[in-house]
1. With respect to the numbered conditions (1) under 22 Å from Asn259 (Cβ atoms); (2) without any contact (Cβ under 8 Å) to a residue 24 or more places away in the chain; (3) open to solvent by less than 40 Å² (accessible area, probe 1.4 Å), which one is the sole condition not fulfilled by His92?
2. Looking at (1) small (Gly, Ala, Ser); (2) modelled with pLDDT of 95 or more; (3) closer than 24 Å to Gly209 by Cβ, can you tell me which one Ala114 breaks?
3. Considering the stretch 139-150 alone, what residues qualify as being crowded, with 22+ Cβ neighbours inside 10 Å and farther than 16 Å from Pro359 by Cα?
4. Tell me which residues, restricted to the stretch 192-228, are in contact (Cβ under 8 Å) with a residue 40 or more places away in the chain and either assigned to a helix (DSSP H, G or I) or in contact with a Leu (Cβ under 6 Å, 6 or more places away or on another chain) (or both).
5. Output the strands (runs of 3 or more DSSP E) that fall wholly within the stretch 347-386 and possess 1 or more residues being buried (at least 16 other Cβ atoms within 10 Å of the Cβ) and at pLDDT below 70, or say none.
6. Here are the criteria: (1) in contact with a helix residue (DSSP H, G or I) (Cβ under 6 Å, 6 or more places away or on another chain); (2) open to solvent by 30 Å² or more (accessible area, probe 1.4 Å); (3) over 16 Å from Leu266 (Cβ atoms). Tell me which single one Arg204 does not satisfy.
7. Output the number of residues of the stretch 246-268 satisfying the condition of being under 14 Å from Thr213 (Cβ atoms), small (Gly, Ala, Ser) and crowded, with 24+ Cβ neighbours inside 10 Å.
8. Looking only at the stretch 17-37, filter to residues that are touching a residue at least 60 places away in the same chain (Cβ under 8 Å) and surrounded by fewer than 18 Cβ atoms within 10 Å (Cβ to Cβ); which one of those is farthest from Asp139 (Cα to Cα)?
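The values are calculated or read from the model by the stated rules, or taken from the named source; none is laboratory data. Since we're looking at a predicted model, the values are computed, not measured. As a convention, Cβ positions derive from the backbone with ideal geometry for all residues, glycine included, and neighbour counts pool all protein chains shown. Side chains included, ligands, DNA and RNA excluded: accessible areas come from the protein's heavy atoms. Shrake-Rupley method; radii C 1.70, N 1.55, O 1.52, S 1.80 Å.
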Amino acid sequence: MADQHEVSGTLTIPSLRWAEPPEGPVLVLLDQTRLPVEEAELACTDVPALVQAIRTLAVRGAPLLGIAGAYGVALAAARGFDVDDAAEALAHARPTAANLAYGVQRAAAAYRGAVADGADAEAAAAAALAEARAVHAEDIEASTRMAEHGRALLGRLLPGGAHRILTHCNTGALVSGGQGTALAVALAAHRAGELRRLWVDETRPLLQGARLTAYEAARAGMAYTVLADGAAGSLFSAGEVDAVLIGADRIAADGAVANKIGSYPLAVLARYHHVPFIVVAPTSTVDLQTEEGAAIEVEQRPGHEVTEFSLPHMWGAGAEAGTGIPVAPLGAHAYNPAFDVTPAELVTAIVTEAGVVSPVTRDGLSEVCSTSRWSKSRSGNGMMAE
């Protein structure tokens with residue numbers, strides 16, 4: 001038995017699915033490290049395999065990490081592994097991503113609640129799986145709502161259509177149970193005939209824009225152009241950008257946004273050139289317990305991602321430094337933060353499934369979260385569905 005969720009028009013196979021072959025349940029991932037060269041699935045039979053997939057970016061993107069984390073707990077429970085150990089390993093696989101810990105905590109709470117109510121191991125595992133499926137379904141719904149709210153916002157900010165949108169990293173169906181976050185907004189504009197051009201930052205050092213966003217845009221028939229990250233300034237200077245749309249991996253209570261490295265410079269450019277800078281993320285990405293952006297833990301990734309040129313699909317399982325083409329002298333030190341943090345004053349609006357926050361203030365963010373279908377998580381990580 002496998003979960004069958006609707007596949008976005010930009011993908012031919014789901015980014016993630018739960019399957020139950022005769023030999024036992026597995027979590028099947030579309031291996032994003034192999035895109036766009038090939039569409040290959042990766043089956044995770046246990047939590048260590050899923051943690052490895054998360055760390056090597058075979059599965060990535062804030063909302064999808066939340067879904068994967070929830071299913072990971074369900075997988076541990078169904079296969080008889082220690083759920084507490086599994087939850088701990090999964091929640092810390094990528095520290096900046098708020099949704100990962102959020103999804104883990106929801107499924108773990110469902111499992112523990114069932115145990116506390118006297119359920120046997122099989123029933124408790126079923127409770128965890130049901131919660132993971134709920135997280136998955138809620139993300140699909142949130143994606144649709146964000147696309148609607150975002151397209152409406154673009155219409156208010158940029159009346160007349162023919163938008164030229166710059167995006168960074170990958171925020172489409174590959175990061176979601178639905179059609180994504182920021183790229184879902186651009187896709188909605190495209191389908192309404194309101195998108196003139198999608199500018200796609202290649203997103204160094206791992207090229208999530210060139211490899212993944214361009215892949216999705218091509219499949220959707222969007223007019224897109226890939227550019228080097230350093231070329232964005234020339235686009236702004238030439239007046240070729242109407243709006244910037246990005247996603248988020250964690251949003252602090254003050255509205256500061258942690259997103260893929262290179263997002264903050266775009267915000268500075270957008271402010272200087274009077275271009276809207278819009279963040280699209282579900283309320284599950286909001287971490288009201290982190291008071292300000294400076295307190296967000298930013299993941300530091302291996303230096304060889306910078307000092308060697310290698311596409312992720314070349315790494316293979318457990319690949320280490322030395323597998324790529326050197327682009328710096330042997331022994332060169334590298335600074336490789338996975339994310340940067342953009343302060344709220346540079347963000348024009350945050351689009352969530354519950355509505356738009358603009359201007360971005362602590363009170364406005366708290367209000368949109370409190371009036372959404374989400375309520376404060378008992379774990380204090382962010383949001384939990386009621």
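1. (3)
2. The one condition Ala114 does not meet is (3).
3. We begin by selecting, within the stretch 139-150, every residue crowded, with 22+ Cβ neighbours inside 10 Å; these are 139, 142-143, 146-147, 150.
Once the filter is applied, which keeps residues that are crowded, with 22+ Cβ neighbours inside 10 Å and farther than 16 Å from Pro359 by Cα, the stretch 139-150 yields Asp139, Ala142, Ser143, Met146, Ala147.
4. If the condition is that a residue be in contact (Cβ under 8 Å) with a residue 40 or more places away in the chain and either assigned to a helix (DSSP H, G or I) or in contact with a Leu (Cβ under 6 Å, 6 or more places away or on another chain) (or both), then Trp199, Gln208, Gly209, Arg211, Leu212, Thr213, Ala214, Tyr215, Glu216, Ala217, Arg219, Ala220 are the ones that fit.
5. Working: elements: 349-352, 355-357, 374-376, 383-385.
Answer list for the stretch 347-386: 374-376, 383-385.
6. Answer for Arg204: the failing condition is (3).
7. 2
8. Among them, the one singled out is Val37.
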